[in-house]
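Here the structure is laid out as structure tokens; the discussion comes afterwards.
What follows draws every value from the coordinates through simple rules; no lab data is involved. Owing to the predicted nature of the structure, the values given are computational and were not obtained by experimental measurement. Glycine gets a Cβ as well: all are built from the backbone with ideal geometry, and neighbour counts include every protein chain shown.
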Amino acid sequence: MWFRDTVARIPTTAEALPGRATPLAVPSRHHVLPASLDGPFLPGTEFALFGMGCFWGAERKFWQLPGVVSTSVGYAGGHTPNPTYEEVCSGQTGHSEVVRVVFDPARVPYELLLKTFWEHHDPTQGMRQGNDQGTQYRSLLGWYGEAQQAAAAASLEAYGTALRAAGLGAITTEVLPAPTYYFAESYHQQYLHTHPSGYCGLGGTNVACPIGVGVTR
């Protein structure tokens, strides 16, 4: 990933790069799971969207969960349509690096995805994760539908309480209706499977997230 000092401010629509109308190409099949990256998916499956800093390590956390059907990495939360990685890293698109998760709620509850999200990054750092600095590394939680909205809000409150009890700062995570998702380039997809020794800056706060009665990692 890129280590650089970028302006820690999301650009306005007028300031953002123009992007392009054509989506970036991605592999037809997931490198780890027996599924495609862009469907079609079986009825009953749901989407979830998480930004946790570097998306390489974040994606691996989710594809390892039983009940997750497919994962992919991309960009969301900004203004530029179908941006490239270099454009996102410039800080001129407003996007966060995100993981889109497709899951079967009959096999894995959304609350377990939330628990994985909160516990495997530091949601108090603003426009960064560790040494990774810039708007693209901000924490983002995009919800799909009213049930996810309610669960996300409850988890935000519960984890915020746990972090305060541990003496840590306020959560800076952007929680919002899932914005438009743009696939990242093919070489980013399941990167830590195709590059087992690749960079992973993922790290948490060591504070457990007290949500989902009976839910374990």
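Does the range 18-73 come out rounded, prolate or oblate by the C-alpha gyration tensor, with a ≥ b ≥ c the root eigenvalues, rounded set by a/c under 1.5 and, if not, prolate when a/b is larger than b/c and oblate if not? Taking the square roots of the gyration eigenvalues as a ≥ b ≥ c, the range 18-73 is oblate.
Determine, for each peptide in 47-54, 204-211, the mean count of other beta carbons within 10 angstrom over its residues, then list the peptides with the highest first.
47-54, 204-211
Between the range 1-76 and the range 145-217, the alpha-carbon centres lie 13 Å apart.
Classify the range 154-207 as rounded, prolate or oblate, taking a ≥ b ≥ c as the square roots of the eigenvalues of its Cα gyration tensor: rounded when a/c is under 1.5, otherwise prolate if a/b is larger than b/c and oblate if not. Taking the square roots of the gyration eigenvalues as a ≥ b ≥ c, the range 154-207 is oblate.
Sorting 90-96, 188-194 by their mean Cβ neighbour count within 10 Å, with the most densely packed peptide first, gives 90-96, 188-194. Semi-axes of the equivalent ellipsoid for the range 1-123, computed as √(5λ) from the eigenvalues of its C-alpha gyration tensor and ordered from largest down, come to 27, 17, 12 Å. Using a cutoff of 8 angstrom between alpha carbon atoms and counting only pairs six or more residues apart, the relative contact order for the chain works out to 30 percent.
Would you please classify the overall shape of the range 123-175 from the alpha carbon gyration tensor, given that a ≥ b ≥ c denote the square roots of the eigenvalues, rounded means a/c under 1.5, and beyond that prolate means a/b larger than b/c while oblate covers the rest?
Working: a/c = 3.96, a/b = 1.24, b/c = 3.20.
Note, shape of the range 123-175 comes out oblate.
Across the range 46-194, Cα-Cα distances exceeding 19 Å account for 49% of all pairs. For the chain, the antiparallel share of DSSP beta bridges with both residues in that region comes to about 85%.
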